[in-house]
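Report on one structure; see the data block that follows.
Every read-out reported here was derived from the displayed coordinates using simple, explicitly stated rules and does not represent laboratory data. All values reported here derive from a predicted model rather than from experimental measurement. Note: ideal-geometry Cβ built from the backbone for every residue, glycine included; neighbour counts use all protein chains shown.
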Amino acid sequence: MTLPQRLIPLLEQFDFSCERLLCRLAGPVMDSGNGVDIGVTPLGDDEHLWEPVPECWSVRHRGDGPGARATVLAGAGDWGRDAADSPHPFPPPSTTIAWRLSHLAEMLTLRANYTHGSRSLTRDGYRTPGDAAGAVAAFETASAAWREVLLTADDAALDTVGYSTYPNGSDSEDLFVDTVWWVNQEVLHHGAEIALLRDLYRAGLPERRPGGRGHAEVPAVAAQGRSPYDSGT
């Protein structure tokens, strides 16, 4: 099948963002952006679950219950992802690498299923891995499933409203080409967040405690009721 011309740059963007994120997570090297290979330490379990600030949302063992401001551990199996019913907490909680990877893998898996699949998978039935290697593998599998969907899309599909019936988004109201664009933005922006968290963890900032649950002390200005980003601080 010949891909529609307007889908080609979207597919290339998706491939680039997934490949870059996977290299940033698993190594052994990644392209620095100027053609130079940079060594990468594979994501470990402590870093995967590291909470850089208080009240982070994460992936947790089901027996431990949800974290602060979460009301449920979403999914099935021994591990679940912090979540809450609408209206969601405000300001939104910061999230760990584990949370972001689980969100991406679940979203891609379910969207693929609700576009070219049984349309039967649910968030409640999704099984989130609790370890770093399992989380990276789950994202790789999910991104491959979504890519297979894209390879089957023709112009008619791209122009169809509700071609994807994914129930946890606006897909049923959107042209499929808009859904494809949106998925790319999800991978790009969460991938950038994960890369930043990796940099902070590698630099030892904020100060970490063993077990991946350490977080920064509250800055003095924040303790006084002011943001550390206020002018004059």
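A few remarks follow.
- Once the Cα atoms are used to define both axes, helix 132-151 deviates from the longest principal axis of the chain by about 30 degrees.
- Share, in percent, of DSSP beta bridges within the chain that are antiparallel, nearest 5: 85
- Sum of -39500 (n - 2.57) over DSSP H runs of 4+, divided by residues of the chain (222 nm, nearest 500): -14000 deg cm²/dmol
- The amide H of Val40, built 1.01 Å from its N in the peptide plane, has Val29, Met30 as neighbours under 5 Å, considering only residues 5 or more places off or on other chains.
- The range 89-99 - phi-based ³J(HN,Hα) in whole Hz, Karplus 6.51/-1.76/1.60, Gly and Pro as x: x, 9, x, x, x, 5, 10, 7, 4, 4, 4
- Amide hydrogen neighbours beyond the local backbone of Trp79, cut-off 5 Å, H modeled: Arg62, Thr128
- The angle between the Cα long axis of helix 176-203 and the main principal axis of the chain comes to about 30°, on a 0 to 90 degree scale.
- Residues whose amide H falls under 5 Å from that of Thr95, counting only those 5 or more places apart or on a different chain, are Trp57, with hydrogens built in the peptide plane.
- Cα gyration tensor category, rounded, prolate or oblate, for the range 1-117 with a/c compared to 1.5: oblate
- The 3J(HN,Hα) values that the Karplus relation (6.51, -1.76, 1.60; θ = phi - 60°) gives for the range 54-67 are, in residue order, x, 6, 5, 8, 8, 9, 9, 5, 4, x, 7, x, x, x Hz. Gly and Pro appear as x.
- Computed from phi, the 3J(HN,Hα) profile of the range 101-109 under the Karplus parametrisation 6.51, -1.76, 1.60 (θ = phi - 60°) reads 5, 5, 4, 5, 5, 5, 4, 5, 4 Hz, with x in place of Gly and Pro.
- Relative contact order for the chain, counting Cα pairs under 8 Å that sit 6 or more residues apart, in percent: 22
- Placing unit charges on each Cβ (+1 for Lys and Arg, -1 for Asp and Glu) gives the chain a dipole about its Cα centre, and among Gly75, Val40, Leu7 the Cα reaching farthest toward its positive end belongs to Gly75.
- Three-way shape call for the range 109-148 based on the alpha-carbon gyration tensor, with the a/c threshold at 1.5: oblate
- For the pair the range 13-87 and the range 157-189, the centres of their Cα atoms are 23 angstrom apart.
- Relative to the longest principal axis of the Cα atoms of the chain, the long axis of helix 7-26 lies at roughly 30 degrees.
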